[in-house]
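Working notes for the structure below.
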Amino acid sequence: MGSLSSFSTGQSNWIELFNGKDLKGWKANENQGSFRVENGILVCSGARGHLFYETDKPFKNFEMVAEIKTAPFANSGIYFHTSFQETGWPERGYEVQVNNTHIGADNYRETKKTGSLYAVRNVYYQVVNDNEWFKMRIKVVENHVEIFVNEVKVVDYVQPEKPWRSEEHKYRLLNKGTFALQAHDEKSTASYKSVKVRRLPDDTKTSMRVDEAWDATVSKLMDTGFPLVDYHVHLKGGLTLEQVKENSLRLGINYGVAPNCGLRFPVTNDISLAAYMDTVKGQPIFRGMQAEGREWVTLFSPEAVAKFDYVFTDAMTFTDSKGRRNRIWIPEEVWVDDKQQFMEQLVSKIEAIFSREPVDIYVNPTVLPNVLMAEYEQLWTKERMERVVKVLADNNIALEINARYKTPNAEMIRMAKRAGIKFTFGTNNTSNELGRLEYCLKMIEECGLTPDDIFMPKPNNQKPVLVKGLPVKITG
Ligand SMILES: [Zn+2]
């Protein structure tokens with residue numbers, strides 16, 4: 001029935017699956033009332049159900065374009081290579097996620113945003129807004145899946161011959177089948193005004209190679225919704241935004257790109273901040289702010305700062321008790337008269353910074369000047385680590401696990417986890433080589449981190465800079 005009721009859209013080979021009038025050609029399983037046509041729009045709204053397209057000829061290689069609009073907190077999705085099933089979440093094939101602002105309910109935290117190849121290659125940044133029509137394009141050729149949101153590519157997945165899958169999701173595989181649209185829950189409304197598809201030749205041979213070990217690592221993390229994000233990337237050392245995006249598609253890691261913001265840095269006030277925002281508008285990345293030096297709090301308005309997805313700072317720049325400005329990554333700008341005294345001063349600075357400055361993340365954590373790094377384990381006593389953990393916990397600040405410096409150590413990460421602190425992964429690259437978050441992945445294992453231990457950027461009304469505001473008075 002489905003293929004007969006489809007009609008041509010005027011372009012060759014494209015067929016429109018939704019006729020704009022009724023649900024002819026589609027079949028809902030549970031809660032059929034969750035699917036209806038209103039003013040020519042297919043609306044998925046209400047208790048969980050799936051609306052399957054009926055076709056006699058399964059789709060294998062294809063290209064699909066859907067025009068979609070979400071209401072706030074909507075959660076929906078497009079399944080492909082699936083088949084009709086009476087109840088539950090469709091087991092066969094893949095879902096392409098539609099979700100801009102739904103963050104889960106009860107004890108379940110939903111982190112997967114629009115464009116995710118659900119729980120296989122997740123997109124954690126938000127590329128489109130609620131209440132705006134956007135286009136989702138899905139292209140599947142043999143073992144290659146590409147997903148575009150408003151023509152921005154967010155997923156490029158090559159399925160290995162034998163991909164890792166959990167027992168629960170063992171049918172989440174490419175095959176052939178039909179499409180389904182999702183109604184997720186009572187609070188969710190998603191609208192589809194067009195769902196068109198064209199078949200692509202089924203005998204295409206792709207020669208795309210996969211790093212199977214890496215694919216398994218990523219797929220395991222994605223299966224549990226583990227946010228795999230490198231929040232600490234700078235466009236320096238020759239690294240370009242194009243390379244960041246290419247890395248992201250190839251590795252399945254999401255990136256947060258941050259300019260350095262502060263006195264004598266590229267971004268120094270609201271005007272240069274707005275100019276920067278223009279350069280990353282619509283890009284498939286998170287937008288981070290690295291707050292530099294202690295005087296950054298005097299340079300920007302809270303509203304401008306809140307345009308970033310998150311703000312981070314470190315304790316590598318501070319003025320010591322003798323009035324000397326330390327920049328502890330530069331050997332010539334470090335003053336260590338006495339090791340223990342230096343440590344006491346550093347810990348006090350960390351406490352002062354993170355009790356006062358409205359940031360989301362403490363980055364480059366516990367890094368010491370080169371001259372002290374060999375004694376890291378002795379100098380970072382349990383008592384000192386506890387003081388740092390306390391100020392972060394008290395102020396709801398996340399702790400970066402830094403891939404380049406390999407800090408903090410496992411002991412402090414466990415301590416922070418017990419205190420309820422969230423973690424981020426970050427590289428803080430100095431060259432165009434971003435690596436694969438090796439130290440962070442090791443710490444997940446070693447410290448038993450779970451998806452819920454990982455930081456996600458806060459919604460606007462919860463951003464520290466708007467909740468706490470910027471401090472008026474500052475001291476070194
Ligand atoms: Zn940095």
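Answer yes or no as to whether residue 382 is over 25 Å from the mean Cα position of the chain (by Cα) and open to solvent by 70 Å² or more (accessible area, probe 1.4 Å). It is true that residue 382 is over 25 Å from the mean Cα position of the chain (by Cα) and open to solvent by 70 Å² or more (accessible area, probe 1.4 Å).
The residue pairs whose first member lies in the range 60-72 and is on the phi < 0 side of the Ramachandran plot, whose second member is of a type in the set (Val, Ile, Thr) and surrounded by fewer than 20 Cβ atoms within 10 Å (Cβ to Cβ), and whose beta carbons are closer than 9 Å, counting only pairs six or more residues apart or on different chains, are 61/141; 61/204; 62/141; 63/141; 69/41; 70/101; 72/101.
Checked against (1) of a type outside the set (Val, Ile, Thr); (2) open to solvent by 20 Å² or more (accessible area, probe 1.4 Å); (3) within 16 Å of the ligand (Cβ to nearest atom); (4) assigned to a helix (DSSP H, G or I), residue 296 passes all but a single condition, namely (2). When each of 202, 278 is tested for being out of contact with any helix residue (DSSP H, G or I) (no Cβ under 7 Å at 6 or more places or on another chain), in a loop (DSSP other than H, G, I, E, B) and surrounded by fewer than 19 Cβ atoms within 10 Å (Cβ to Cβ), the lone residue that passes is 202. Is it the case that the range 313-335 has a residue that's in contact with a helix residue (DSSP H, G or I) (Cβ under 9 Å, 6 or more places away or on another chain), within 16 Å of the ligand (Cβ to nearest atom) and under 20 Å from residue 456 (Cα atoms)? Within the range 313-335, one or more residues are in contact with a helix residue (DSSP H, G or I) (Cβ under 9 Å, 6 or more places away or on another chain), within 16 Å of the ligand (Cβ to nearest atom) and under 20 Å from residue 456 (Cα atoms). Of everything in the range 205-240 that is farther than 30 Å from residue 265 by Cα and in contact with a helix residue (DSSP H, G or I) (Cβ under 6 Å, 6 or more places away or on another chain), the residue that is most open to solvent (accessible area, probe 1.4 Å) is 224.
Across the range 443-450, not a single residue is classified as within 16 Å of the ligand (Cβ to nearest atom), at pLDDT 95 or above, among the aliphatic types (A, V, I, L, M) and part of a loop (DSSP other than H, G, I, E, B). Within the range 246-258, one or more residues are in a loop (DSSP other than H, G, I, E, B) and either farther than 30 Å from residue 164 by Cα or over 24 Å from the mean Cα position of the chain (by Cα) (or both).
Does residue 237 qualify as being within 16 Å of the ligand (Cβ to nearest atom) and more than 19 Å from residue 310 (Cβ to Cβ)? The answer is yes for residue 237.
Kindly evaluate residue 52 against the criterion of being open to solvent by less than 50 Å² (accessible area, probe 1.4 Å), within 20 Å of residue 174 (Cβ to Cβ) and in contact (Cβ under 8 Å) with a residue 24 or more places away in the chain. So residue 52 passes the test. Within this structure, residue 424 fails the test of being out of contact with any helix residue (DSSP H, G or I) (no Cβ under 7 Å at 6 or more places or on another chain), open to solvent by 40 Å² or more (accessible area, probe 1.4 Å) and within 15 Å of the ligand (Cβ to nearest atom). If you check 416, 403 for being more than 19 Å from residue 309 (Cβ to Cβ) and either more than 21 Å from the chain's Cα centre (by Cα) or open to solvent by 60 Å² or more (accessible area, probe 1.4 Å) (or both), only one passes: 416. For the structure I just gave you, tell me whether residue 309 is within 16 Å of the ligand (Cβ to nearest atom), open to solvent by 30 Å² or more (accessible area, probe 1.4 Å) and either under 26 Å from residue 411 (Cα atoms) or in contact with a Pro (Cβ under 9 Å, 6 or more places away or on another chain) (or both). When the stated conditions are applied, residue 309 passes them. Quick check on the range 246-262: of everything there that is of a type outside the set (D, E, K, R) and open to solvent by 20 Å² or more (accessible area, probe 1.4 Å), which residue is farthest from the ligand (Cβ to nearest atom)? That would be 249.
Being aliphatic (A, V, I, L, M), closer than 24 Å to residue 51 by Cα and touching a Ser or Thr at 6+ places or on another chain (Cβ under 6 Å) is a property that residue 180 has. Filtering the range 263-275 to residues that are surrounded by 15 or more Cβ atoms within 10 Å (Cβ to Cβ), touching a Leu at 6+ places or on another chain (Cβ under 7 Å) and not in a strand (DSSP E or B) leaves only 268.
The values are calculated or read from the model by the stated rules, or taken from the named source; none is laboratory data. Computed from a prediction, not measured in an experiment: that's the story for all the values here. With ideal geometry, Cβ positions are generated from the backbone for all residues, glycine too; neighbour counts draw on all protein chains shown. Accessible surface areas use protein heavy atoms only, side chains included; no ligands, DNA or RNA. Shrake-Rupley method; radii C 1.70, N 1.55, O 1.52, S 1.80 Å.
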